[in-house]
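Reading through the structure tokens given below for one structure.
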Amino acid sequence: AEFYFARRPVRVLRRVAEIAAVAAPFFVNLWLDKQFYHSHDDEKTSWPLPKRSRAHRQAERGRELTRILTKLGPTFIKVGQSLSIREDLLPAEYTAALRELQDRLPPFEEDLAQDILRKEWRVSSPSEVLTLLDAAGNAVS
């Protein structure tokens, strides 16, 4: 992986910028929640935010996080799926929202997946990828 990404610095920077742009509003909302909502009194708020309970805000952030991970792609979806069962790490409202990633994802077009495989692996047919992986596995063992 290091060799692959070291040869593609522009691509890496572009992806980092994309991740930052998609995730930034979420972190701004978390910061706003912390600044304007007082943790000791769920209904108390500072202007200009409406009154919302802590559970409501956390459920909202959980749904927002689920949308972000879905938008960022398969690796992030897998992380979200893993976190969806970790109520020891995240509030219950977050894990409930993240469970949507277990079985309620939008479909991924097969043609698009095949095009990605052809382009990334530089093959004419996606089945050639399996042949390459099999050959690599035999070389390692």
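The values are calculated or read from the model by the stated rules, or taken from the named source; none is laboratory data. Given the structure is predicted, the values throughout are model-derived calculations rather than measurements. Quick reminder, even Gly has a Cβ in these numbers, built from the backbone with ideal geometry, and neighbours come from all protein chains shown. Please note that ligands, DNA and RNA were not included when accessible areas were found on the heavy atoms of the full protein model with its side chains. Shrake-Rupley method; radii C 1.70, N 1.55, O 1.52, S 1.80 Å.
Please determine whether any residue of the range 108-118 is within 23 Å of the chain's Cα centre (by Cα), modelled with pLDDT under 90 and aromatic (F, W, Y).
Yes.
For the range 80-141, give me every one of the helices (runs of 4 or more DSSP H) that falls completely inside it and has 3 or more residues that are out of contact with any helix residue (DSSP H, G or I) (no Cβ under 9 Å at 6 or more places or on another chain) and open to solvent by 50 Å² or more (accessible area, probe 1.4 Å).
110-121, 127-140
Scanning for something within 21 Å of R15 (Cβ to Cβ) and not aromatic (F, W, Y), does the range 84-93 turn up at least one residue?
Scanning the range 84-93, I find no residue that is within 21 Å of R15 (Cβ to Cβ) and not aromatic (F, W, Y), so the answer is no.
Hey, can you tell me all the residues within the range 28-52 that are modelled with pLDDT of 80 or more and surrounded by 11 or more Cβ atoms within 10 Å (Cβ to Cβ)?
Correct list: N29, L30, L32, D33.
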